[in-house]
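Here is the structure we will look at.
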Amino acid sequence: MIQLEALTLGYGQQILLDQASANLDKGGLIALLGRNGSGKSSLLRAIAGLGTIRSGRILLAGRDLAELQPEKRARIVSFVTTEKVRIPNLKCRDVVALGRAPYTNWVGHLQPQDREIIDKSLALLDMASYAERTMDQMSDGECQRIMIARALAQDTPIILLDEPTSFLDLPNRYELGVLLQKLAHEQNKCILFSTHELDIALTLCDYIALIDRPHLHYQPTQQMINSGHIECLFRNETITFDPKELRIRVQRKAP
Amino acid sequence: MNRKTIIFTFLIPLAIILFVLDLLSGDSTLSAGQVWNVFTGNVTDETTRNIVLSIRLVRVVVAILIGVALSISGLQMQTVFRNPLADPYLLGVSSGSGLGVAFFILGAPLFGLAHSGFWQSVGIVGAGWGGAVMVLLLIAIISRYVKNILGVLIMGVMIGYIAGAIIQILQYLSSAEQLKMFFLWSMGSLGHVTTTKLFIMIPVICMGIILAIYCIKVLNLLLLGENYAQTMGLNIRRARTLIFISTTLLTGTVTAFCGPVGFLGLAVPHVARMLFNDADHRTLLPGSILLGIMAMLLCDIIAKTLVLPVNCITALLGIPVIIWVVYKNLRPA
C-alpha cells in the first residue's frame, strides 16, 4: 500500500530520515515508533501529502504521491491529525459527512449511499448516538472517535493517525488500540499510527515501523521485538526494554 | 418543516417590510400611496418620480448590496482564518481603500482634476477600489508563500497598519477642505451612489457572490482547518485565491463606493450561526445574505431618520453582537 523509496525528510538543518526505504504492502495495523522529534509526524504528514520531501518518493497504492491531484489523493489516504477540532454548531454527523468530500458534487450534496457510509462509520466507532451532538460538549476521547469516523467515511485504503492516544486516559488508549485493530482487520485497511504506547504497539499491531534517526526499520512485530531495535530507543543505563516480557524496566539505585 | 425552512419563511417577509420602510423613509415626506403610484406607473409629477427612483430606490439597492457583500465577506474571513473576530476589513482592505482615496484627494489637485465633479467622484471610487485590490493582491501573493494562515492574518493586519500610517502622513499634509472630503468618505455614505455607479456596482458584486457560492464546499472543508481540508482533497492555494478574489470584489467595491462600513460583516455571520444553529455554509451563506440585507436596511432607516452617517449606526448595532460573541466564547461552560 505504502512504498517509501530512498525517502529523505528534513526539518531546517536537521535530517530526520536519510534515504529510508520500506514497503508497507500488507496492510493491517502498523505502529510508528520513535522518540520525540524523531520525525514520526513529519513522515505521516509527508505520506498524507502535507509535508515536503527532500528527496526520494512515496508511492501510494502504486501511484507516485507527488503526481497525485489532491482530490485523487483524498480517495487513497485519510489522516487524523493531533489538532483538536471543536466547532460549535457543527453536529458530529456533519463532521463525519465532510469525509465524503472527495466523492460529492461541487456543493457537497450527499447521495443516499453517502449517508449510508456515514451512518456505518459512526456505528463502527460506537458513536451513532452522538450523531446530533456538537463536539464542543464532548470529551477528548469522543472527539477523537468522531475524527476517526470521518476518516473512515472518506473510504480510503490507507488511514494515518498522528498520536491518536495522546490525549486519552489509560482505558481509552487500550480501547482505541483494540478498535483500530478491529478496523484494520475487519475493514481491510492499512492503518498506520504514530504512538509512544509501546505496550499497545507490541501487543496489538501486525507490524512496527521504528524511526531510529536517520534510519527507518520496518518489520513484523515479533521480528522487531527480537531484532534489538527497540532497545536502541532507550540508550540509558537505568531504563531498559525486556524483549521476553515486553516490558520496560527501570533499575532502582541501591539505597 | 425543519428549523431552517421556518426561519427563512419568517425572515423573508421581514426583509420585505424593511425594504418598504426604507423606501418610505427620507428627507422629503412622501406618502406610501405616492411611492406606490410611481412603481405602478400611475401618473405622478416628475419630482416625486425622481425622488423615488433615482434617490430612494438607488439608496435602498445600495444598502442591500452593502449588506450582502459585507456579510458574505465576513463569513468567508471568519471561516478561512478560523477566527470569530475576523471581518472583511481584517486584511487591510479598508486601509488600502482609504490609502487610495487619500492619495487621490491629495493628488488630484496636482493633476488639475479637482474642479471637475465627475472626475472627482470617479477618481475617489477608482482610487478606493485600486487601493483595496492592491492590498488584497499583496495578501493573496503572500498567502501563496506563507503556509500558516495565522501568518497571512498577521501580514494583513500589518499591511493595514502601514497603509494607516501613510494615510496619517497624507492627512497631515492636506488642506482643511481635503481633510473634510476624506473624512466624509471614511464615515461611509450610501447617498453618493448614482444610478450610473450602481450599474458598475451590481455586476461586480454579483461576480463576487457567484464566486462565494462556488466556494461553499471549500468553506465547509476549511471548518476543520487547512490540514484536514487538504487531506480531504482541497487544493489550498486555489481555495485561498478564490476566496480572496471574492472578498476583494465584494468588500473592495462596497468600500470604494460607500466608504468603510464597519462591524456589519463581523456581526451578521454570528447572528446567522446562532439563529440557524448550524455551521454548514449551504445554510450560513444564504442566511448571512438575508440577515445582512435586513441589518443594512435597518441601519439605513435609522441613519436616515436621525440624519447620521451610517457607519455610526452599524457600529452601535454591531458591537453589542460582538460583545455577546466574546462573552459566549469566554464564559465557563
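The values are calculated or read from the model by the stated rules, or taken from the named source; none is laboratory data. Everything numeric here is computed off the predicted structure, so don't read it as measured data. Note: ideal-geometry Cβ built from the backbone for every residue, glycine included; neighbour counts use all protein chains shown.
A few comments on the model shown:
- Scan of the stretch A:5-60 for residues that are among the β-branched types (Val, Ile, Thr) and more than 19 Å from A:Thr195 (Cβ to Cβ), ordered by number: A:Thr8, A:Ile15, A:Thr52, A:Ile53, A:Ile58
- For the stretch A:37-92, a residue qualifies if it is free of Cβ contacts under 8 Å to residues at least 60 places away in the same chain, of a type in the set (S, T, N, Q) and away from every other protein chain (no Cβ under 12 Å), and the qualifying residues are A:Ser42, A:Ser55.
- Beta carbons closer than 7 Å, at least 6 apart along the sequence or on distinct chains, pair a first residue in the stretch B:296-317 that is under 17 Å from B:Ser71 (Cα atoms) with a second that is surrounded by fewer than 20 Cβ atoms within 10 Å (Cβ to Cβ) for B:Leu297/B:Phe19; B:Cys299/B:Leu317; B:Val310/B:Ser189; B:Asn311/B:Met187; B:Ile313/B:Ile302.
- Residue within the stretch B:57-70 that is closer than 30 Å to B:Leu224 by Cβ and small (Gly, Ala, Ser) present: yes
- Filter result for B:Asp278 (among the charged types (D, E, K, R) and buried (at least 22 other Cβ atoms within 10 Å of the Cβ)): no
- All positions within the stretch A:139-154 that are touching a residue at least 40 places away in the same chain (Cβ under 8 Å) and surrounded by fewer than 19 Cβ atoms within 10 Å (Cβ to Cβ): A:Asp140
- Extreme residue, nearest to the chain's Cα centre (by Cα), among residues of the stretch B:1-29 that are within 24 Å of B:Ala279 (Cα to Cα) and in a loop (DSSP other than H, G, I, E, B): B:Asn2
- Some residue of the stretch B:203-215 being surrounded by fewer than 19 Cβ atoms within 10 Å (Cβ to Cβ), closer than 26 Å to A:Glu83 by Cβ, within 14 Å of chain A (Cβ to nearest Cβ) and of a type in the set (A, V, I, L, M, F, W, C): no
- If you go through the stretch B:240-285 and pick out every residue that is within 14 Å of another protein chain (Cβ to nearest Cβ) and under 29 Å from A:Glu132 (Cβ atoms), you end up with 17.
- So B:Ile166, is it on the phi < 0 side of the Ramachandran plot, crowded, with 16+ Cβ neighbours inside 10 Å and modelled with pLDDT of 90 or more: no
- Across the stretch B:49-77, the qualifying residues are those that are among the polar types (S, T, N, Q) and crowded, with 24+ Cβ neighbours inside 10 Å, and the one among them that is farthest from B:Ala229 (Cα to Cα) is B:Ser71.
- Inside the stretch B:172-186, residues that are surrounded by 16 or more Cβ atoms within 10 Å (Cβ to Cβ) and part of a loop (DSSP other than H, G, I, E, B) make up a count of 1.
- Taking the criterion of being surrounded by fewer than 22 Cβ atoms within 10 Å (Cβ to Cβ), away from chain A (no Cβ under 14 Å) and in a helix (DSSP H, G or I), the residues of the stretch B:305-324 that qualify are B:Thr305, B:Leu306, B:Asn311, B:Cys312, B:Ala315, B:Leu316, B:Leu317, B:Ile319, B:Pro320, B:Val321, B:Ile322, B:Ile323.
- Top-ranked residue in the stretch B:1-39 [being within 23 Å of B:Val271 (Cα to Cα) and among the polar types (S, T, N, Q); ranked as surrounded by the fewest Cβ atoms within 10 Å (Cβ to Cβ)]: B:Asn2
- Test: residue in the stretch B:171-180 that is among the charged types (D, E, K, R) and either within 13 Å of another protein chain (Cβ to nearest Cβ) or in contact (Cβ under 8 Å) with a residue 12 or more places away in the chain (or both): no
- Residue that is nearest to A:Val85 (Cα to Cα) [pool: residues in the stretch A:122-138 that are touching a Leu at 6+ places or on another chain (Cβ under 8 Å) and within 12 Å of chain B (Cβ to nearest Cβ)]: A:Met135
- Of all residues in the stretch A:208-245, those satisfying the criterion of being aliphatic (A, V, I, L, M) and under 26 Å from A:Asp25 (Cα atoms) are A:Ile208, A:Ala209, A:Leu210, A:Ile211, A:Leu216, A:Met224, A:Ile225, A:Ile230, A:Leu233.
- Just so you know, in the stretch A:12-36 the residues that are in contact with a Leu (Cβ under 9 Å, 6 or more places away or on another chain) and not aliphatic (A, V, I, L, M) include one that is farthest from the other protein chains (Cβ to nearest Cβ), and it is A:Gln19.
- Qualifying positions in the stretch B:88-113 - at pLDDT below 85 and either buried (at least 17 other Cβ atoms within 10 Å of the Cβ) or within 27 Å of B:Tyr327 (Cβ to Cβ) (or both): B:Pro88, B:Tyr89, B:Leu90, B:Leu91, B:Gly92, B:Val93, B:Ser94, B:Ile105, B:Leu106, B:Ala108
- Sub-6 Å Cβ pairs linking a first residue in the stretch B:219-236 that is farther than 17 Å from A:Lys84 by Cα and more than 7 Å from every other protein chain (Cβ to nearest Cβ) to a second residue that is of a type in the set (Val, Ile, Thr) and assigned to a helix (DSSP H, G or I), at least 6 apart or interchain, are B:Leu219/B:Thr79, ordered by first then second residue.
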